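**Q** Dumping the structure here so I can ask a few things about it.
The values are calculated or read from the model by the stated rules, or taken from the named source; none is laboratory data. These figures come from a predicted structure and were not determined experimentally. A quick note on method: Cβ atoms are made from the backbone with ideal geometry, for glycine too, and the neighbour counts reach across all protein chains shown. Note: areas computed on protein heavy atoms with side chains; ligands, DNA, RNA excluded. Shrake-Rupley method; radii C 1.70, N 1.55, O 1.52, S 1.80 Å.
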Amino acid sequence: MDRTMSNRLPIGSEHKAKVYFSRIIDQADPVVEVSVQSSMVQHPQKFSSLDSIYKSIGSLLPPRNGCTVQTMDRLTVQELEGSIIHESHSKSGPTYTFGFLINIIFATCRQQGIPEVSKLTIPLKVIRIRDSRLQDKFAGYPESSKVLLYNSRVGSWNWVLDSEEAVGGIGNWDSQSNGPPLHQEKEFTYFLNTVCMAIKNKFRPTTESQSAPVFTAHRCWMADWLDHIMPSAYNYNRKPDLILLENELVPHNKISWKSLKILAELMRESFTPTARIARTLDTKAYLIMIEQPWRRFVLALSFSKLKLRLHFYNHSGGSISPPFHLQRNPQEFLFILTCVVFSPCSCIGFDDTVNIIPKIPVPSPLLTKSSTNFPPVNCVSVPSLSSSTQEIYGTIRVRRDIYEILGILFSSTGFLGRGTVCYLAVCNGIVYVIKDHWVSGSPLHEVGMLKHVQGIKGVLTYVDSWEVEVEEDVVETTERYREERFRRKMKSIHTHVCLVTTP
């Protein structure tokens, strides 16, 4: 990459970042404004009113006092209308048993040895709640004895998964008049973590002749936010049922929507596209997307009448996997659970090219005054870069160049669309602004515009651009996650692009 350009901002400059990063950010599509003698060349705004085209959730300033559950659910459902794909079980053979989406996002995991469900064992004392079936089955067993976690003969987990089946035993179920018992969700979390520990105990160390293991991560499920609100920078008052976090010691009061890897909802009602479990998942996935704007996609799980579905969301919409019954499809359930808990972060929606330290602040649009109907430019001041010990919040890779991130200058608040994030970054003592976004149409249209106006006073200097690759020679696009028969119905197709500039 050529870094011999004259327009450089060395460490120590008192320039504020929003003076120059705002030139590459627009509320909808790129706008380039330059003075050419007495004329002004301007790319027109794409959206002109809230009543016409622009009706996405990101087009309005988030309310200062949060938003009601019903309002948020309605807004996300409206925005995602027509962009959610419901997959069915494929009849093309065992390779596609899981459906197109799961085969794509967990492709690197298919070659790994997933333990057989019939071989998972746990100490009997771990089964805290037992119905009459389990009491009879394990009568006379010492509590320290190892027992099977799944009974292949009858096709059932040796666990009480439904509160209505619990007639006695070590635990009690708390009852509620509406919805599932509160205790059921906490006990279900305990079940998921127990299955995960049984899986982990079956992982075998690889030998030199084997490929490197994929399942090296370890995450855990929690249900601690059932009865109180999880902190959100946008003041949206939501209580996730189950959340998946990295298995590490973190103060409870430091966990927020920025911390979540995956969320899950547990309901006793049947799943339908209009059911409450679907609406609440849409909204909570949106919260993760705007609190963690560097993600490629967001995953969620729904458990409805013992049927597991995987929900996928990105900037072009989403997909819902076929259902897998926990009792009748235990191996499929085991595969999905293994992948979300033990696979690399790239398999659950994170970008391999971006490494963000969790404490990095994301600009809040609540701090921005806007007197127009256009979505706000979420710009914040960046501390003076006068010290060589400027704090680093992570790294971003563009091709093979690694940039250290000093802060986030802008992040869009829309669910669908460009998903723009602007980073203030430094490499070899030179400060850059990196625009990481998802482009519809021609991926390098903005790059071409920028190249044509180079050298004009007031125009930032183009350094590099890259269509981000998820693997060698495979560009990241949103259509990768849609089966070919569904792609023609997509409202928009976006390509992941990084644009590097200097002022």
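**Q** Hey, among TRP221, TRP257, TRP173, which residue is in a loop (DSSP other than H, G, I, E, B) and at pLDDT 90 or above?
**A** Exactly one residue qualifies, and that residue is TRP257.
**Q** So how many residues does the stretch 468-480 have that are surrounded by 15 or more Cβ atoms within 10 Å (Cβ to Cβ) and part of a strand (DSSP E or B)?
**A** The number of residues fulfilling the criteria is 3.
**Q** Taking the stretch 270-305 as the search range and keeping residues that are farther than 23 Å from PHE98 by Cβ and aromatic (Phe, Trp, Tyr), which one is least open to solvent (accessible area, probe 1.4 Å)?
**A** Only one residue fits best here, namely TYR286.
**Q** Between a residue in the stretch 425-445 that is more than 16 Å from THR478 (Cα to Cα) and any residue that is among the polar types (S, T, N, Q) and surrounded by fewer than 16 Cβ atoms within 10 Å (Cβ to Cβ), which pairs come within a Cβ distance under 7 Å, given they are 6 or more apart or on different chains?
**A** So the pair list comes out empty.
**Q** Then there's this: Need pairs with beta-carbon distance below 7 Å; first residue modelled with pLDDT under 70 and within the stretch 81-97, second of a type in the set (Phe, Trp, Tyr); sequence gap 6+ or separate chains.
**A** Short answer, once both residue conditions are applied: SER90/TYR96.
**Q** Listed residues LEU499, LEU406; which is modelled with pLDDT of 90 or more, closer than 18 Å to ARG296 by Cα, surrounded by 22 or more Cβ atoms within 10 Å (Cβ to Cβ) and of a type in the set (A, V, I, L, M)?
**A** When all the criteria are applied, what remains is LEU499.
**Q** Right, something else. Here is a list of conditions, (1) touching a Ser or Thr at 6+ places or on another chain (Cβ under 9 Å); (2) among the hydroxyl-bearing types (Ser, Thr, Tyr); (3) surrounded by fewer than 17 Cβ atoms within 10 Å (Cβ to Cβ); (4) within 16 Å of THR76 (Cβ to Cβ), and SER232 meets all of them except one; can you say which number that is?
**A** Evaluating SER232 over (1) touching a Ser or Thr at 6+ places or on another chain (Cβ under 9 Å); (2) among the hydroxyl-bearing types (Ser, Thr, Tyr); (3) surrounded by fewer than 17 Cβ atoms within 10 Å (Cβ to Cβ); (4) within 16 Å of THR76 (Cβ to Cβ) leaves (3) as the failure.
**Q** For LEU308, work out the one condition from (1) more than 15 Å from the chain's Cα centre (by Cα); (2) under 19 Å from ILE114 (Cβ atoms); (3) open to solvent by 10 Å² or more (accessible area, probe 1.4 Å) it doesn't fulfil.
**A** (3)
**Q** Right, next: If you go through the stretch 125-137 one residue at a time, how many are modelled with pLDDT of 90 or more, surrounded by 14 or more Cβ atoms within 10 Å (Cβ to Cβ) and over 10 Å from ASN158 (Cα atoms)?
**A** Residues meeting the conditions: 1.
**Q** Would the stretch 368-387 turn up any residue that is closer than 30 Å to ILE102 by Cβ, assigned to a loop (DSSP other than H, G, I, E, B), modelled with pLDDT under 95 and in contact with an Asp or Glu (Cβ under 7 Å, 6 or more places away or on another chain)?
**A** Within the stretch 368-387 (the criterion being closer than 30 Å to ILE102 by Cβ, assigned to a loop (DSSP other than H, G, I, E, B), modelled with pLDDT under 95 and in contact with an Asp or Glu (Cβ under 7 Å, 6 or more places away or on another chain)), the answer is no, since none of the residues qualifies.
**Q** Does VAL421 count as open to solvent by 30 Å² or more (accessible area, probe 1.4 Å), β-branched (Val, Ile, Thr) and in contact (Cβ under 8 Å) with a residue 12 or more places away in the chain?
**A** No: the conditions fail for VAL421.
**Q** Moving on to the next point. Filter the stretch 389-403 down to the residues that are open to solvent by 20 Å² or more (accessible area, probe 1.4 Å), touching a residue at least 12 places away in the same chain (Cβ under 8 Å) and either out of contact with any strand residue (DSSP E or B) (no Cβ under 8 Å at 6 or more places or on another chain) or not hydroxyl-bearing (Ser, Thr, Tyr) (or both) and list them by number.
**A** Those that are open to solvent by 20 Å² or more (accessible area, probe 1.4 Å), touching a residue at least 12 places away in the same chain (Cβ under 8 Å) and either out of contact with any strand residue (DSSP E or B) (no Cβ under 8 Å at 6 or more places or on another chain) or not hydroxyl-bearing (Ser, Thr, Tyr) (or both): GLN390, GLU391, ILE392, ARG397, ARG399, ASP401, ILE402.
**Q** Quick check on the stretch 234-242. Is at least one of its residues at pLDDT below 80 and in contact with an Asp or Glu (Cβ under 9 Å, 6 or more places away or on another chain)?
**A** Yes - at least one qualifying residue is present in the stretch 234-242.
**Q** Looking at the stretch 409-449 only, could you name the residues that are polar (S, T, N, Q) and either at pLDDT 95 or above or outside any strand (DSSP E or B) (or both)?
**A** Passing the criteria: SER412, THR413, THR420, ASN428, SER442.
**Q** If only one of ILE255, ILE336, ILE243 is within 22 Å of ASN193 (Cα to Cα), touching a residue at least 40 places away in the same chain (Cβ under 8 Å) and among the hydrophobic types (A, V, I, L, M, F, W, C), which one is it?
**A** Testing whether each residue is within 22 Å of ASN193 (Cα to Cα), touching a residue at least 40 places away in the same chain (Cβ under 8 Å) and among the hydrophobic types (A, V, I, L, M, F, W, C) leaves just ILE336.
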